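Visitor: Let me begin by handing over the structure; questions about it come next.
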Amino acid sequence: MTGDTGLHLTGGAGPAVFNPSTANDPNFSGTVGKDSTTWEVGAGYRFNKSVGIEVGYVDLGNFNYDGTYLGTPDHGTVKNTGYKLAVTGFVPIDNRFEAYGKLGAFRWESTDNDVFGGAPSTYKRSGSNALYGLGIQTALNPRLDMRLEWERYTKVGGNNHDVFSVKLLWYLFH
């Protein structure tokens, strides 16, 4: 049965999709990766059947680009990672499944390893922005739950990232 309360550890993975600003830059001509594999690890605490909190480390993957900028060769890889804190709210669907939503903050760092005109460089940016998501959760056994989830990480490195993942939650005390 879903709705267990208490402390849990979580881990998950899935695809991340985003629309990079480089793809819309009229000065850039070439290819830009718009998807990657993401993973996360974290912990959470479910206070009751309706409300919980989560913290975690998220790796949004690597996004590659290759082309020219103002006629000069330009290629590189952008990596986005960070830490999240979110509140989750649950609504039971039946005795096996529940829907949930989450709202929180994501403290991110974006690293761009670029080679422009043959000269390598690294640019780092960081910030904090909102995250939100929706999902369905079910119990696999009394200590293990599974989630199917969509999350949006807003304005990470200037771009929204949509993550679709499968997650496992292991309740430490049952």
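No value in this document is a laboratory result; all are computed from the given coordinates. Since this is a predicted model, take the numbers as computed values, not measurements. Here the Cβ positions follow ideal geometry from the backbone for every residue, glycine too, while neighbour counts run over all protein chains shown.
Visitor: Once a ≥ b ≥ c are taken as the square roots of the eigenvalues of the Cα gyration tensor of the range 108-161, is the result rounded (a/c under 1.5), prolate (a/b larger than b/c) or oblate (a/b not larger than b/c)?
Guide: prolate
Visitor: Report which label in (1) 1.19; (2) 1.28; (3) 1.04 holds the value of Cα Rg over 2.2 N^0.38 Å derived from the coordinates of this structure.
Guide: Label (1) holds the value from this structure.
Visitor: To continue, here is another question. Expressed as a rounded percentage, what relative contact order does the range 70-169 have, with Cα pairs under 8 Å and six or more residues apart?
Guide: Here the relative contact order equals 23 percent.
Visitor: Farthest toward the dipole's positive end in the chain, which of Pro73, Asn129, Gly6, given Cβ charges of +1 (Lys, Arg) and -1 (Asp, Glu) about the Cα centre?
Guide: Gly6
Visitor: At 4 °C and 1.567 mPa s, what whole-number value in µm²/s does Stokes-Einstein give for the translational diffusion of the range 1-91, with Rh from the Kirkwood sum over Cα pairs?
Guide: 83 µm²/s
Visitor: Taking the Cα centre of the range 6-171 as origin and charging only Cβ (+1 Lys, Arg; -1 Asp, Glu), how large is the dipole, in debye to the nearest 20?
Guide: 580 debye
Visitor: Can you give me the long-range amide H partners of Asn19? Hydrogens built in the peptide plane at 1.01 Å from N, cutoff under 5 Å, separation of 5 or more residues or another chain.
Guide: Close amide H contacts, sequence-distant or interchain: Asn160.
Visitor: Once the piece of chain linking Phe116 and Leu172 is laid out straight, how much longer is it, given 0.36 nm per residue of separation minus the C-alpha distance between them?
Guide: So the chain would gain 15.2 nm between Phe116 and Leu172.
Visitor: Follow-up. On a straight-distance basis, which aspartates and glutamates could pair with Lys49 in a cross-link, Cα separation under 15 angstrom, same-chain partners fewer than 8 positions away excluded?
Guide: Asp4, Asp94, Glu98, Asp145
Visitor: Only Cα pairs under 8 Å and at least 6 apart count here; give the relative contact order of the chain as a rounded whole percent.
Guide: Reported as a whole number, the value is 24 percent.
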